[in-house]
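A.B. asks: One structure follows; several queries about it will come next.
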Amino acid sequence: MLAEENRLTEENKELVRRFYREAIRERDAGACERLLSVDFIHNGEQRGRPAQRQVVEGFLAAFPDLGHRIEQILAEGDLVAAHQRWVGTHEGEFLGVGGTGRRIEFTSTALLRVRDGLIVQAWDEMDSGAILNQMVS
């Protein structure tokens, strides 16, 4: 039983790594259709795949050279936590601010729930104030 739990935990972590690799590093927002559930929920809002894809596309448009790295990843049961570092040039609208050409760096932590090989729910935390400060200061 423990071996099975460990295998599922590793598969869940790999799914989360794959999502960020494909959606962000490879700039393929279609990863939302492949790796998220039809009824995907983000921070309590039922978005589904199409709305989450729009969010990813907007994020990539705001930071066309966006770099991403998962610094820590932990999993237990159906939950995966990923602490991440992001860096990119702010070229398009983000958090209500038009492109500034400034280099932005921030961290975020996501908690994602996995079921049947798909990401079904995510909670994201980032310091929006720090990001805004980098864009407008």
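A.B. asks: Of all residues in the stretch 23-49, count the ones that are under 14 Å from I119 (Cα atoms) and part of a helix (DSSP H, G or I).
C.D. replies: Selection size over the stretch 23-49: 8.
A.B. asks: Can you name every residue in the stretch 68-125 that is of a type outside the set (D, E, K, R) and part of a loop (DSSP other than H, G, I, E, B)?
C.D. replies: Within the stretch 68-125, the subset of a type outside the set (D, E, K, R) is 68, 70, 72-75, 77, 79-84, 86-90, 92, 94-101, 104, 106-112, 114, 117-123.
Of everything in the stretch 68-125, those that are of a type outside the set (D, E, K, R) and part of a loop (DSSP other than H, G, I, E, B) turn out to be G77, H90, G92, L95, G96, G98, G99, T100, G101, G117.
A.B. asks: Let me ask something else about it. Among the residues of the stretch 70-91, write down those that are more than 17 Å from the chain's Cα centre (by Cα) and surrounded by fewer than 15 Cβ atoms within 10 Å (Cβ to Cβ).
C.D. replies: Correct list: E76, G77.
A.B. asks: Which numbered condition in (1) farther than 19 Å from N43 by Cα; (2) out of contact with any Gly (no Cβ under 7 Å at 6 or more places or on another chain); (3) assigned to a strand (DSSP E or B) is the only one that L132 fails?
C.D. replies: If we test L132 against (1) farther than 19 Å from N43 by Cα; (2) out of contact with any Gly (no Cβ under 7 Å at 6 or more places or on another chain); (3) assigned to a strand (DSSP E or B), just (3) comes out false.
A.B. asks: Select from the stretch 80-106 the residues that are free of Cβ contacts under 8 Å to residues at least 60 places away in the same chain and either among the small types (G, A, S) or closer than 18 Å to I119 by Cβ (or both) and list them in ascending order.
C.D. replies: Keep residues of the stretch 80-106 that are free of Cβ contacts under 8 Å to residues at least 60 places away in the same chain, which gives 81, 83, 85-106.
Within the stretch 80-106, A81, H83, G88, G92, G96, G98, G99, G101 meet the criteria.
A.B. asks: Of the residues that sit in the stretch 1-43 and are small (G, A, S) and without any contact (Cβ under 8 Å) to a residue 40 or more places away in the chain, which one is surrounded by the fewest Cβ atoms within 10 Å (Cβ to Cβ)? Give the derivation first.
C.D. replies: First pass over the stretch 1-43, keeping only residues small (G, A, S): 3, 23, 29-31, 37.
Restricting the remaining residues to those that are without any contact (Cβ under 8 Å) to a residue 40 or more places away in the chain gives 3, 23, 29-31.
On the way: A3: 7, A23: 24, A29: 20, G30: 14, A31: 22.
So the residue we want is A3.
A.B. asks: Does at least one position in the stretch 58-67 carry a residue that is exposed (fewer than 14 other Cβ atoms within 10 Å of the Cβ), touching a His at 6+ places or on another chain (Cβ under 9 Å) and acidic (D, E)?
C.D. replies: So far as the stretch 58-67 goes, no, none of its residues is exposed (fewer than 14 other Cβ atoms within 10 Å of the Cβ), touching a His at 6+ places or on another chain (Cβ under 9 Å) and acidic (D, E).
Every number in this text was worked out from the coordinates using simple rules, so none of it is lab data. Quick caveat, the model's predicted, so the values are computed rather than measured. Positions of Cβ are backbone-derived with ideal geometry, glycine not excepted, and every protein chain shown enters the neighbour counts.
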